[in-house]
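What follows is a short report on a single structure.
The values are calculated or read from the model by the stated rules, or taken from the named source; none is laboratory data. Here the structure is a predicted model, which means the values were calculated and not measured. FYI the Cβ positions are ideal-geometry reconstructions off the backbone, even for glycines, and counts take in every protein chain you see.
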Amino acid sequence: MPKLSITAAAPGAATAGDPYVALHGNGGYRVTRYDLTLTYRMSSNRLVARAEISAVATQPLTRFTLDLAGLRVSKVSVNSHPAAKFTQPGRKLHIWPAMPLAVGAAMVVVISYSGNPGPIGGRWGQVGWEELDNGVIVAGQPTGAPTWFPCNDHPSDKASFRIGITTDSPYYALANGVLTDKKKAASQTTWVYEQQEPMATYLATVQIGEYEMVELTSKPVPTRGLIPTSKRSQFKADFGRQGDMVAYFGSVFGPYPFAAYTVVVTADDLEIPLEAQGLSIFGANYLDGKRGQERLVAHELAHQWFGNSLTVSAWQHIWLNEGFACYAEWLWAEHSGGTAADVSAIAALGHLRKQRQDLILTDPGPELMFDDRVYKRGALTLHAVRKQLGNEQFFLLLRDWVASNRYSLVNTDAFLAIAQRYGVDLEMLQRWLFQAPLPDL
C-alpha cells in the first residue's frame, strides 16, 4: 500500500516539504495561536497590522521563516526581544531571534507590517486579499493567507485565531469565529472575532462590505446570511433550506462542528463559491430566487465537516475534502426529494468514462488538485463503499470518521484504516484510490 505523507522539513526550513505548494509552509515549529490586529482603509486599500504568533519550536532554531506576500515588515520581536535580524526575500519573512530556541521552547513572535494588500497569482489563478467594487473578499485556498498576515501557510499547522478588524463605519467586517466585541469610534468601527477551534491558515478570512445580517434559523445552530440589502428576498428563497441542510448533515456526518454558520453574498459576481471556517462566500450571480444553485449550497456547507473540522495533512489528499463535499450534494438531493444518489453516481461515472483516464485520486498533482475528476471520482469512491456496506454501516462509518478526527488532520491512510475496520473490500477501494482506470460501481 503506498505511503502518503509529505517530506519532513529541515530545521527552520522555508518549506513544509509539500511538493503541491513547494514555496509555502515552513519547518522547525508549530503555531498554536494567531492574534491579528488589522486597521484597513477602504478608500486607499491600506492595511496597517500587527500579528502576535504563539508557537513551539520542534527543532533547535537559530532562524525560522514565515510566509508573507506583498506587505512590508517594520518591526519584529521574539519573546519580547527585538529580532537580531529579519529579511523579506520573495514571499518569505526570515527571522533570526536574539537568542537560539531549543526543542520544545515556546515563542511569541510579534510582527508589525503594512501595505496595500492584493492577491497573488499562481497555477490556481488569483488568491488572497482582493478588492471588490465596494468591499473586500479574502479567498485563501490554497495559498492566499500570506497576502494579509504572516503565517505558516500549510494545512498541517492548525491554530486558534483572534482577528480584530478596524475599518470605515459604513462597512460590516466579518471574520471567522464568534463576534466577541464591537466598538465604534469616530468614523471607524472595530470588530473582534475569536475562533477557538483550530483552523488552517487557508480557511482564515476577512469579508468587508455594505452588508446586513439576516437570520435564517437558530437550530441546530445559528444560521445566517451577510448580504446586500437588495438581495434579501432572493437570498431567503435560495438559502431558505439551509437550516434543514445543517440538521440533515448533522444526522449523517455528526453534529455541526462550529458555533454558527454564515453565508456571505457579495454584491459582485464571483467565478466560484468559496469555503472558510464557519462561513461560505457566494457571488450575487449565484442567487436566482429559485434554488437553482442548491447543490453548491450543500457542497460549501459540507466543507465545514470535510476540510474545516477534518483537515488534510497535505494537499495530495484533497479528495478527502472535495470528494466528500461532492457526495454531500448527492446526499442532499436524495434526502430532499430530488435525484437519488445512485442515479447521480451512474451519471457521474458515465461522464468520467468519456474523459482521460490518467488521474490518480490520492495524488492528482498540483495542476489537477481542483480538477472536477477529483470531485466526482472522490464521490464515486464513497458511493462504491456505500453500495458494499449498505446504508446503516456506511453512515456509521462516516459518523465515526468525523467524530474520531474532529478538529484534526486526516489523510488517505487513515481513511483506509477505518474502512478496513468496517469490513470494506480494500482491493476494491484501492482500485478507486490508487489506479487511474475507472472501476465499475
So Trp96 fits all but one of (1) among the aromatic types (Phe, Trp, Tyr); (2) under 25 Å from the mean Cα position of the chain (by Cα); (3) over 29 Å from Glu271 (Cα atoms); what number is the exception? (2)
Expected output for the stretch 284-305 (first residue hydrophobic (A, V, I, L, M, F, W, C), partner buried (at least 16 other Cβ atoms within 10 Å of the Cβ) and assigned to a loop (DSSP other than H, G, I, E, B), Cβ below 7 Å, 6+ apart or cross-chain) is Ala284/Ala267; Ala284/Asp268; Leu296/Pro273; Val297/Phe239; Trp305/Pro257
Whether any residue in the stretch 137-160 is farther than 23 Å from Ile95 by Cα, surrounded by fewer than 22 Cβ atoms within 10 Å (Cβ to Cβ), out of contact with any Pro (no Cβ under 9 Å at 6 or more places or on another chain) and of a type in the set (Ser, Thr, Tyr) is what I want to check. no
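Outside any loop (DSSP other than H, G, I, E, B), closer than 23 Å to Cys326 by Cα and modelled with pLDDT of 95 or more: does that describe Val246?
yes
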Does the stretch 8-30 contain any residue that is modelled with pLDDT of 95 or more and part of a strand (DSSP E or B)? yes
Assess whether Ala340 counts as being touching a strand residue (DSSP E or B) at 6+ places or on another chain (Cβ under 9 Å) and surrounded by fewer than 23 Cβ atoms within 10 Å (Cβ to Cβ). no
Pull out all pairs, ordered by first then second residue, where Cβ-Cβ is under 7 Å, the residues are six or more apart or on different chains, the first lies in the stretch 191-215 and is in the same structural domain as His154 (by TED's automatic domain parsing) and over 22 Å from Gly243 (Cα atoms), and the second is among the acidic types (Asp, Glu) and buried (at least 22 other Cβ atoms within 10 Å of the Cβ). Thr201/Asp153
Within the stretch 19-28, does at least one residue satisfy the condition of being among the aromatic types (Phe, Trp, Tyr) and in contact with a strand residue (DSSP E or B) (Cβ under 9 Å, 6 or more places away or on another chain)? no
What number of residues within the stretch 377-431 are assigned to a helix (DSSP H, G or I) and either not small (Gly, Ala, Ser) or not assigned by TED's automatic domain parsing to the domain that holds Ala348 (or both)? 35
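Would a scan of the stretch 44-55 turn up a residue that is of a type in the set (Asp, Glu), surrounded by fewer than 16 Cβ atoms within 10 Å (Cβ to Cβ), assigned by TED's automatic domain parsing to the domain that holds Gly164 and within 23 Å of the chain's Cα centre (by Cα)?
Within the stretch 44-55, one or more residues are of a type in the set (Asp, Glu), surrounded by fewer than 16 Cβ atoms within 10 Å (Cβ to Cβ), assigned by TED's automatic domain parsing to the domain that holds Gly164 and within 23 Å of the chain's Cα centre (by Cα).
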Over the stretch 54-76, the set of residues hydrophobic (A, V, I, L, M, F, W, C) and either closer than 21 Å to Thr190 by Cβ or in a loop (DSSP other than H, G, I, E, B) (or both) is Leu68, Ala69, Leu71
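Going by the structure shown, is Leu397 in contact (Cβ under 8 Å) with a residue 24 or more places away in the chain, aliphatic (A, V, I, L, M), over 29 Å from Thr32 (Cα atoms) and surrounded by fewer than 22 Cβ atoms within 10 Å (Cβ to Cβ)?
Values: in contact (Cβ under 8 Å) with a residue 24 or more places away in the chain: yes; aliphatic (A, V, I, L, M): yes; over 29 Å from Thr32 (Cα atoms): yes; surrounded by fewer than 22 Cβ atoms within 10 Å (Cβ to Cβ): yes.
Taking the combined requirement at face value, the residue satisfies it.
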What number of residues in the stretch 77-116 are without any contact (Cβ under 8 Å) to a residue 24 or more places away in the chain, surrounded by fewer than 14 Cβ atoms within 10 Å (Cβ to Cβ) and assigned to a strand (DSSP E or B)? 4
Has the stretch 359-375 got any residue that is touching a Gly at 6+ places or on another chain (Cβ under 8 Å) and not in a loop (DSSP other than H, G, I, E, B)? yes
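For the stretch 31-43, which positions are among the hydrophobic types (A, V, I, L, M, F, W, C), more than 19 Å from the chain's Cα centre (by Cα) and in a strand (DSSP E or B)?
Passing the criteria: only Leu38.
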